[in-house]
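Engineer: The structure's right below; bear with me while I get my questions together.
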Amino acid sequence: MTRVVYVNGQYLPYGQAGVHVEDRGFQFADSIYEVCEVDQGRLVDETRHLERLERSLGELRIPMPMSRRALGHVLRETVKRNRVQTGLVYLQISRGAAPRDFPFPTGDIAPTIVCLARRVDGAKRAARAAAGIAVKTMPDIRWGRCDIKTVMLLPAVLAKEAAAADGAQEAWLVDSEGFITEGASSNAWIVDASGTLITRPTGNAILPGVTRRSLFDLLMGEKIPFTERPFRVEEAFSAREAFITSASGTVMPVVAIDGRPIGNGHPGELTRRLRSNFHQAVEFSR
Ligand code: PDD
């Protein structure tokens, strides 16, 4: 089936969809995005994703191109038109197209909006979760505003490529003081010997993950202790369990860091429970 892509008000066949060569997203990464999980044809945590999208735009002073409600409609319509049951929907908004010049263009330029939806093989993802993933630590060479979800993803691309070359599925980025910031495209968590979950506090160094936030709700509901504090690579090596959170993987067990097994080298019990209960804590919309 031909995939349909939303571009600036039109739903176009995948092969015909495109944006201007002088789009500022292309030339300067002057662009933000969101990725939402699609589960049984429903959007997961639409409200939180659109809140973060509006914040990202605000931080870059890109005007909201349409209301949150209208953007939500684009997300859901793109999912429907592509008949995605299990997968992802991706929405990107750039400042727009203008002759290449660093400062913001003067005058009215329309932001570029692109939305596409993609199926994910649920069985494959479940198999990956059952086995758990390996991560590789890499220096965090990103900029000082990782809280904004921009498409400036080259450090993440390079870190993931290095991880893949080592047989790992994610990179954990390490700041100049030896603390883990987050995954290249996920938030990082460990479980200590007492069963307390630890994840880095939000701030400029990490993306405030929607999955992370919804997991807090689940933890509070189930009275599972957690703390937001930075943790070092050495502490992660000796963690009882580890996992990552993201829209694309929800709660994904980590079983090895830099080749060292975490816990008994299999997905942790608490992690597996959080993965299976995660959808109890989210908002669904269609
Ligand atoms: N990545 N940290 C980074 C750097 C991310 O890129 C992501 C998401 C997360 C997790 O955020 P959320 O729970 O809202 O998905 C944390 C998306 C999935 C991606 O780039 O594909």
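The values are calculated or read from the model by the stated rules, or taken from the named source; none is laboratory data. Everything numeric here is computed off the predicted structure, so don't read it as measured data. Virtual Cβ from ideal backbone geometry, glycine too; neighbours counted across all protein chains shown. Areas reflect the complete protein model, heavy atoms only, side chains present, ligands, DNA and RNA absent. Shrake-Rupley method; radii C 1.70, N 1.55, O 1.52, S 1.80 Å.
Engineer: Given a cut-off of under 8 Å on Cα pairs at least six residues apart, what relative contact order in percent is computed for the chain?
Structural biologist: This gives 19 percent for the chain.
Engineer: If the elastic network links every pair of Cα atoms under 10 Å, which of Leu154, Leu218, Leu197 fluctuates the most in the Gaussian network model of the chain?
Structural biologist: Leu154
Engineer: To continue, here is another question. Which whole number of Å³ per residue matches the convex hull of the alpha-carbon atoms in the range 125-285?
Structural biologist: Per-residue hull volume (Cα only) is 110 Å³.
Engineer: If I model a spin label at Glu222 and Asn264 as a point 7 Å from the Cα along the Cα→Cβ vector, what separation in nanometres do I get?
Structural biologist: For the pair Glu222/Asn264, the computed spacing is 1.8 nm.
Engineer: Determine the sum of side-chain charges near Phe104: Lys and Arg each +1, Asp and Glu each -1, restricted to other residues whose C-beta is under 13 angstrom from that of Phe104.
Structural biologist: +1
Engineer: Around Leu43, with a cut-off of 10 angstrom between Cβ atoms, what is the net charge of the other residues, counting Lys and Arg +1 and Asp and Glu -1?
Structural biologist: -2
Engineer: While we're here: Find, to one decimal place in angstroms, the Kirkwood hydrodynamic radius of the chain, where the mean of 1/r is taken over every pair of different Cα atoms and then inverted.
Structural biologist: 19.7
Engineer: Please give me, ordered by residue number, the trypsin sites (Lys or Arg not before Pro) of the range 29-123 that lie in loop per DSSP and have at most 13 other Cβ atoms within 10 Å.
Structural biologist: Loop-located and lightly packed - Arg61, Arg83, Arg100.
Engineer: Taking the Cα centre of each part, how many Å lie between the range 140-183 and the range 68-130?
Structural biologist: 22
Engineer: Just going by the charge dipole of the chain, with Lys and Arg at +1 and Asp and Glu at -1 on Cβ, which of His20, Thr112, Phe284 is farthest out on the positive end?
Structural biologist: Farthest towards the positive pole: Phe284.
Engineer: Restricting things to Cα coordinates, could you compute the convex hull volume per residue of the range 169-248 in Å³?
Structural biologist: Output value, Cα hull per residue: 91 Å³.
Engineer: Run the accessible area of the range 125-285 with a 1.4 Å probe and give the carbon-and-sulfur part as a rounded percent.
Structural biologist: C and S fraction of accessible area: 54 percent.
Engineer: Under unit Cβ charges (Lys, Arg +1; Asp, Glu -1), what dipole magnitude, rounded to 20 debye, does the chain have relative to its Cα centre?
Structural biologist: 900
Engineer: Additional query: So how strong a dipole does the range 125-285 carry about its Cα centre when Lys and Arg Cβ are +1 and Asp and Glu Cβ are -1, to the nearest 20 debye?
Structural biologist: 340
Engineer: In addition: With every protein chain kept in place and ligands, DNA and RNA left out, what is the accessible area per residue of the chain? Probe 1.4 Å, answer in Å².
Structural biologist: Result: 47 Å² of accessible area for each residue.
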